[in-house]
1. Before we move on, is residue 51 farther than 22 Å from residue 121 by Cα and without any contact (Cβ under 8 Å) to a residue 24 or more places away in the chain?
2. Among 234, 199, which is the only one that is of a type in the set (Gly, Ala, Ser), closer than 19 Å to residue 185 by Cβ, surrounded by 19 or more Cβ atoms within 10 Å (Cβ to Cβ) and at pLDDT below 90?
3. Hey, could you check region 89-132 for residues that are under 20 Å from the mean Cα position of the chain (by Cα), charged (D, E, K, R) and at pLDDT below 90 and say which is nearest to residue 7 (Cα to Cα)?
4. Can you tell me which residues in region 193-214 are touching a Lys or Arg at 6+ places or on another chain (Cβ under 9 Å) and under 14 Å from residue 164 (Cβ atoms)?
5. Residue by residue through region 237-258, note down the ones that are crowded, with 20+ Cβ neighbours inside 10 Å and not in a strand (DSSP E or B).
6. Out of region 73-99, which residues are more than 17 Å from residue 141 (Cα to Cα), in contact with an Asp or Glu (Cβ under 9 Å, 6 or more places away or on another chain) and free of Cβ contacts under 8 Å to residues at least 60 places away in the same chain?
7. If we only count helices (runs of 4 or more DSSP H) wholly inside region 79-145, which ones have 3 or more residues that are exposed (fewer than 13 other Cβ atoms within 10 Å of the Cβ)?
8. Give me a count of the residues in region 54-71 that are among the polar types (S, T, N, Q) and at pLDDT below 95.
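The values are calculated or read from the model by the stated rules, or taken from the named source; none is laboratory data. Remember, it's a predicted structure, so these values are computed and weren't measured experimentally. All Cβ positions, even for glycine, are placed from backbone atoms using ideal geometry, and neighbour counts span all protein chains on display.
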Amino acid sequence: MSQTKPPTRFLRPEERTQSFSRLDATAGVKPPMGPTGLEVWYRKVRSVAVGTLDASDVARALRQELHVPLVGLRAIELLGEDALVGEQYPGEMIAALAALPAAKLRALDGAALAALRQVLADVIARERPDASDDSVWAEVIGDARSLQALLASDRSTAAKPLVVRAVISGEAPQSAPLVEQLSVGSAIDASLQFRNVDAGLARKHVILVPKDDGRGAYVEVLGHAAKLNGKDVAMRCELNEGDVLEIGSVRVTLERDS
């Protein structure tokens with residue numbers, strides 16, 4: 001007897017339980033109190049855990065660009081279950097993602113974006129369902145192709161490869177080219193390794209993934225703490241030239257290879 005494959009999850013456990021109200025509080029944002037339909041809807045969903053938002057609420061949040069780092073991952077999870085998911089029309093979720101600014105879309109988790117690319121390729125390769133109107137299906141394919149274009153890698157504008165440089169007082173600096181995913185931590189297999197106990201690092205404290213345009217990195221914080229330009233970072237952030245990422249006693253920066 002065959003078993004149903006469990007859905008792929010991209011939200012981390014602590015992210016799944018986050019709600020708009022908690023995210024707003026962290027960002028110092030006050031809830032809308034007006035009478036409009038959008039404001040009434042937002043007050044209704046503010047306390048709902050992101051990991052349980054349904055397709056209708058996720059698509060609506062994306063169209064308003066609300067908490068995209070987490071809502072975008074929830075959207076991709078739902079697409080993995082049904083590529084044409086949508087409350088108002090087939091492909092509504094694809095259309096909502098396609099309307100996002102490219103920078104916000106590309107900032108999502110790399111594994112999630114890879115899954116999204118596969119979903120889009122599968123949709124485009126499909127034949128039109130018998131029950132679908134030609135014009136509706138054409139819009140679905142058009143949105144899928146638009147989303148593909150947003151996700152397309154474009155490194156042509158990058159001048160020279162970026163180098164990740166990590167420094168701790170009393171030790172020689174370490175560096176590595178940012179051409180693929182790399183890690184900084186105390187583990188033997190970390191790309192940049194600091195075994196000094198005083199460094200205060202987890203085994204793989206942070207993971208850096210190069211941006212598609214070659215102009216920076218997406219950072220996932222796996223250790224207990226990190227600061228970007230002096231401000232606390234809990235889960236994810238972007239690291240660009242001129243920024244300083246502090247993890248334990250280690251300072252991480254990006255520089256152009258000469």
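1. No, not satisfied.
2. Numbers: 234 fails: surrounded by 19 or more Cβ atoms within 10 Å (Cβ to Cβ).
Checking each option against the conditions leaves just 199.
3. Filtering region 89-132 for residues that are under 20 Å from the mean Cα position of the chain (by Cα), charged (D, E, K, R) and at pLDDT below 90, the one nearest to residue 7 (Cα to Cα) comes out as 109.
4. Passing the criteria: 210, 211, 214.
5. If we filter region 237-258 for residues that are crowded, with 20+ Cβ neighbours inside 10 Å, which is where we start, we get 237, 239, 245, 247-248, 250, 252, 254.
Scanning region 237-258 gives a single hit, 248.
6. Correct list: 78, 87.
7. On the way: elements: 92-98, 102-106, 110-125.
Answer list for region 79-145: 110-125.
8. Within region 54-71, the subset among the polar types (S, T, N, Q) is 56, 64.
Imposing the further condition that a residue be at pLDDT below 95 reduces the set to 64.
Selection size over region 54-71: 1.
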